[in-house]
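Let me begin by presenting the structure, written as structure tokens, before commenting on it.
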């Protein structure tokens, strides 16, 4: 039986910042989708991502293809998107400023794919990593381990369970995806290069996130520094 560790007021405050940021990010995504859908109704499309949204908003001052009645509504959505984007940037600056002064966070950020937001979220969500007996137990708590379908002595592994800490799992997968983009351009990790050669990119990103979770547990539970593959122990 695993008991829930009591979080300090400081950790609760950091989690409040992360939860607020997550809510604002979802609202910003909803506003972007609404803008794209409205412009598409009039035959105006843009590339994916923030760049495409900014291209659509740049067309609002002189909307040749947008009727006047729809222009006011789309301008309101654009103002809402910009306000959300500014609030998210402010929260992220606060998170980065806090992690720079935290030695434990700087230790975690040495792991590839772990930035200030991931390190801050891990330290605030996991007060005591020793509550997990192993790194696999920590990864299973995050929902990053495969589901098991065993029958008649045969073991079959499926997709990840997606159970447990959803927000932290999402951050780890996003960080792993960013790390994979760099690895595909300039390979440095033989294990990751071999995985990308055998499996799809999204599967490799989840596998890398699961490995990152195990490394995070080792650093927190054993109070160690990160060592790259092949590096000698201190």
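The values are calculated or read from the model by the stated rules, or taken from the named source; none is laboratory data. Because the structure is a prediction, the values reported are computed rather than measured. Glycine gets a Cβ as well: all are built from the backbone with ideal geometry, and neighbour counts include every protein chain shown.
General observations
Let's see how each residue does on (1) loosely packed, with under 15 Cβ neighbours inside 10 Å; (2) within 19 Å of residue 211 (Cβ to Cβ); (3) in the same structural domain as residue 201 (by TED's automatic domain parsing):
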position: 116; (1), (2), (3): no, no, yes
position: 124; (1), (2), (3): no, no, yes
position: 130; (1), (2), (3): yes, no, yes
position: 140; (1), (2), (3): no, yes, yes
position: 175; (1), (2), (3): no, yes, yes
position: 178; (1), (2), (3): yes, yes, yes
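- Output for segment 55-66, where each listed residue is surrounded by fewer than 16 Cβ atoms within 10 Å (Cβ to Cβ), outside any loop (DSSP other than H, G, I, E, B) and touching a residue at least 12 places away in the same chain (Cβ under 8 Å): none
- Residues that are assigned by TED's automatic domain parsing to the domain that holds residue 219, closer than 22 Å to residue 224 by Cβ and free of Cβ contacts under 8 Å to residues at least 40 places away in the same chain occur in segment 184-191; there is at least one.
- Of the candidates 78, 94, the single residue that is in the same structural domain as residue 28 (by TED's automatic domain parsing) and closer than 19 Å to residue 16 by Cα is 94.
- Count of segment 118-138 residues which are closer than 17 Å to residue 11 by Cβ and without any contact (Cβ under 8 Å) to a residue 60 or more places away in the chain: 2
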